[in-house]
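Q: What follows is a structure written as structure tokens; I'll ask about it next.
The values are calculated or read from the model by the stated rules, or taken from the named source; none is laboratory data. These numbers were taken from a predicted model, which means no experiment stands behind them. In this analysis, Cβ positions are derived from the backbone assuming ideal geometry, glycine residues included, and neighbour counts consider all displayed protein chains. Heavy atoms of the whole protein, side chains included, go into the accessibility calculation; ligands, DNA and RNA do not. Shrake-Rupley method; radii C 1.70, N 1.55, O 1.52, S 1.80 Å.
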Amino acid sequence: EILDSLKVVCSSGEALFGADVMAISEHLSEDCRFLNVIGASEAGQFAAYVVQPSDRTRPGIVPVGFASAEKRVDLVGPSGQPVAAGETGEIVVESRYLSSGYLPGPEAPTDRFSDLGGGVTRYRTGDLGRFEADGALVYLGRGDSMVKVRGYLVEPAEVEGALLSTGMVREVAVQ
């Protein structure tokens, strides 16, 4: 069945594979646009990629695209220095339009935000990516123990603790 009235399909929050796009494309009209975007609650949407009808058979991971207006996206290594083109690095966003940090608390990370002056904030997302030759960002997943489930960050240890606290299980492993 072709969904003629559908004009836009948007994917966000997890790596998107060409096979997924191909599977849904069978049900889309030629004028339906497919968007793959990435964002974070701390930064809003910071990159987007329009999958053209001719790109719907693309193998592998679909890029999340190019930096949104008023935002800069970079990739850095463990030392905080930029990585070379094609290498994997942590996704970093800079803009005037980001959160300035987390509310203070015992579990609040202190190394994610940097004030660059002039109202610009730098946010280290904890996500990994790489740039393709054309400059498109490809999302590769998390760089820490957290996982994304339908776009929401989940800490496996918290899930394990919740399951153990029920008294209904003796051992648990969440991955």
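Q: Tell me, please, whether a residue that is farther than 13 Å from Leu137 by Cβ, open to solvent by less than 20 Å² (accessible area, probe 1.4 Å) and part of a helix (DSSP H, G or I) can be found in the range 11-24.
A: yes
Q: Step by step: first the residues of the range 52-88, then only those that are touching a residue at least 40 places away in the same chain (Cβ under 8 Å) and of a type in the set (D, E, K, R), then the one that is surrounded by the most Cβ atoms within 10 Å (Cβ to Cβ). Which residue is that?
A: Within the range 52-88, the match that is surrounded by the most Cβ atoms within 10 Å (Cβ to Cβ) is Arg58.
Q: So, one more: Please specify each residue of the range 151-171 satisfying the condition of being open to solvent by 90 Å² or more (accessible area, probe 1.4 Å) and part of a loop (DSSP other than H, G, I, E, B).
A: Correct list: Met168, Arg170, Glu171.
For every residue, the table says whether it meets (1) open to solvent by 60 Å² or more (accessible area, probe 1.4 Å); (2) touching a strand residue (DSSP E or B) at 6+ places or on another chain (Cβ under 9 Å); (3) closer than 19 Å to Gly44 by Cα; (4) in a loop (DSSP other than H, G, I, E, B).
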residue	(1), (2), (3), (4)
Glu90	no, yes, yes, no
Glu94	no, yes, yes, no
Tyr102	yes, yes, yes, yes
Pro106	yes, no, no, yes
Thr121	no, yes, yes, no
Ala133	yes, no, no, yes
Leu140	yes, yes, yes, no
Lys148	no, yes, yes, no
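Q: Now, a different point. Go through (1) over 13 Å from the mean Cα position of the chain (by Cα); (2) surrounded by 14 or more Cβ atoms within 10 Å (Cβ to Cβ) and name the single condition Asp31 misses.
A: Condition (2) is where Asp31 drops out.
Q: What are the residues in the range 37-66 that are over 10 Å from the mean Cα position of the chain (by Cα), at negative phi and assigned to a strand (DSSP E or B), if any? Talk me through it step by step, then tell me what you get.
A: Quick first cut of the range 37-66, residues over 10 Å from the mean Cα position of the chain (by Cα) only: 41-44, 48-63, 65-66.
When the remaining residues are screened for being at negative phi, the result is 41-43, 48-59, 61-63, 66.
Correct list: Ala48, Tyr49, Val50, Val51, Ile61, Val62, Phe66.
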